[in-house]
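Since the structure comes first, as structure tokens, the remarks are kept for the end.
The values are calculated or read from the model by the stated rules, or taken from the named source; none is laboratory data. Bear in mind that the values here come from a model prediction, so they are computed numbers and not experimental data. Ideal geometry is used to build each Cβ from the backbone, glycine not excepted, and the neighbour counts take in all protein chains shown.
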Amino acid sequence: MPPRAPRFAVASPAVPRRPLPWGWWLAAALLVLALGLQLALADRARLAGDPAWRPRLETLCGLLGCDLPAWHEPAAFRVTSREVRRHPEDPRALLITTSFRNDARWAQPWPVMEVALHDIDGQALGLRRFQPREYLGSPPARPLIEPGQSASATLEILDPGQRAVAFTFDFH
């Protein structure tokens, strides 16, 4: 009688492999989609600051009822006109009038306006930041300034004297 091979060495009959039903693939795809959606919603504050992602998130939050933080792009504010002159009623003050526009693609909060006065060497003699209620004369009627919307501001500041030859505006 020939020697018998051990049981572990004997080839077992091949079991035919059945493909996974399509329902498993659909469930896996839905779970991956749900995970992506959850990640986008959890990180929406950061993604909302990206111009490529913002329109997608606005659509998504419109469908799901979530909210996005307001767009914040201070560099998109453009000064369209400005003038500095002596205050008509107070000889110790200057009257600054300016107009600016929101050139961002989306509405954003009213900016903090910074005015700096400089001497002939470019050294700052004075700097002050004005809140929207200060430069508008009252709190804004709406919390956001729309794209393309312009606003006018009138500011009264103490006159720094003859050394001030230039002024700059910046937005924060």
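Asp67 is checked against (1) surrounded by 12 or more Cβ atoms within 10 Å (Cβ to Cβ); (2) in a loop (DSSP other than H, G, I, E, B); (3) modelled with pLDDT under 90 and fails just one. What number does that condition carry?
Here Asp67 clears every test but (1).
Just wondering, is there one or more residues in the stretch 19-36 that are within 24 Å of Val115 (Cα to Cα), modelled with pLDDT of 80 or more and either over 36 Å from the mean Cα position of the chain (by Cα) or not aliphatic (A, V, I, L, M) (or both)?
Within the stretch 19-36, none of the residues are within 24 Å of Val115 (Cα to Cα), modelled with pLDDT of 80 or more and either over 36 Å from the mean Cα position of the chain (by Cα) or not aliphatic (A, V, I, L, M) (or both).
Please enumerate the residues belonging to the stretch 70-105 that are charged (D, E, K, R) and either under 30 Å from Arg163 (Cα atoms) or surrounded by 15 or more Cβ atoms within 10 Å (Cβ to Cβ) (or both).
First pass over the stretch 70-105, keeping only residues charged (D, E, K, R): 73, 78, 82-83, 85-86, 89-90, 92, 101, 103, 105.
Across the stretch 70-105, the qualifying residues are Glu73, Arg78, Arg82, Glu83, Arg85, Arg86, Glu89, Asp90, Arg92, Arg101.
If you check Gly122 against the conditions, is it in the same structural domain as Ala166 (by TED's automatic domain parsing), under 18 Å from Pro160 (Cα atoms) and at pLDDT below 85?
Taking the combined requirement at face value, the residue does not satisfy it.
Which pairs do you get when a residue that is over 21 Å from Gln131 (Cβ atoms), found in the stretch 144-164, comes within reach of a residue that is acidic (Asp, Glu), reach meaning Cβ atoms under 8 angstrom, with the pair 6+ apart or on two chains?
Listed by first residue and then by second, the contacts come to Pro147/Asp103; Gly148/Asp103; Arg163/Asp119; Ala164/Asp119.
Taking the conditions exactly as written (in contact with a helix residue (DSSP H, G or I) (Cβ under 7 Å, 6 or more places away or on another chain) and not in a loop (DSSP other than H, G, I, E, B)), does Leu155 satisfy them or not?
Yes.
For residues that are on the phi > 0 side of the Ramachandran plot and modelled with pLDDT of 85 or more, tally how many sit in the stretch 137-172.
Summing the residues that are on the phi > 0 side of the Ramachandran plot and modelled with pLDDT of 85 or more in the stretch 137-172 gives 2.
Regarding Gly126, is this residue under 17 Å from Arg86 (Cβ atoms), surrounded by 13 or more Cβ atoms within 10 Å (Cβ to Cβ) and not acidic (Asp, Glu)? Write out each step before concluding.
Values: under 17 Å from Arg86 (Cβ atoms): yes; surrounded by 13 or more Cβ atoms within 10 Å (Cβ to Cβ): yes; not acidic (Asp, Glu): yes.
Here the answer is yes, as Gly126 does meet what is asked.
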